[in-house]
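Presented below is the structure to which this report refers.
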């Protein structure tokens, strides 16, 4: 055996690709019982990032295709977050919206080399920083695995998994309302906070608190809310809870949305 640190390769011309050592992924396909390796490259003077996908058999790498997972950071999860039993993959992408660069995570169901259509997405709350996405099991008690996101800017949050096979087209394409981050977060000892919400229609809404096991802790609000941008004040002082992470659950009786927050006493 040769010492790995003594094995080196160098570029022989400017058009050869540069490989990024922190931009790779190993994925074990439980269905095919095969290992796959993906590596991000910057192909010389073409100026376009792309992903090289390989199959690994008998210590040999066989090239399969380009762009098997996407064109930015990506990682293999150790479990499923879409309702089945096959580990999934999160691939990242950069989207420009009204001149603003935004980072999104895309969830691929199973092996992205063969299932390359993303099933769900979420926006990274921070940009241009070192971030990490990992599988953390079912922490919300709904029987579906969840993922945690953290970055060097100090942001940490949990994204709840969802069975995409049971989500209707109307719910996935036309969300009725959106919950934003509580202000402040964490919520301090006085218990007072504001929840910014974007509502597509007015109606009677209920705001409840759940712990990470999925158990209902209490109700914070029930009443009429107008459409548009709403800032809903509430207090958690009446709840008998300890410091930690909880989930706000807003429902209009037909649709519901959730958002994690932290209580610090």
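Pick out the one residue from 207, 232, 239 that is free of Cβ contacts under 8 Å to residues at least 60 places away in the same chain and in a loop (DSSP other than H, G, I, E, B).
Details: 207 fails: in a loop (DSSP other than H, G, I, E, B); 232 fails: in a loop (DSSP other than H, G, I, E, B).
Going through 207, 232, 239 in turn, just one is free of Cβ contacts under 8 Å to residues at least 60 places away in the same chain and in a loop (DSSP other than H, G, I, E, B): 239.
Tell me which residues, restricted to region 141-177, are at pLDDT 80 or above and either touching a strand residue (DSSP E or B) at 6+ places or on another chain (Cβ under 6 Å) or under 21 Å from residue 25 (Cα atoms) (or both).
Residues satisfying the conditions are 145, 146, 147, 148, 149, 150, 156, 157, 158, 159, 160, 161.
The values are calculated or read from the model by the stated rules, or taken from the named source; none is laboratory data. Computed from a prediction, not measured in an experiment: that's the story for all the values here. With ideal geometry, Cβ positions are generated from the backbone for all residues, glycine too; neighbour counts draw on all protein chains shown.
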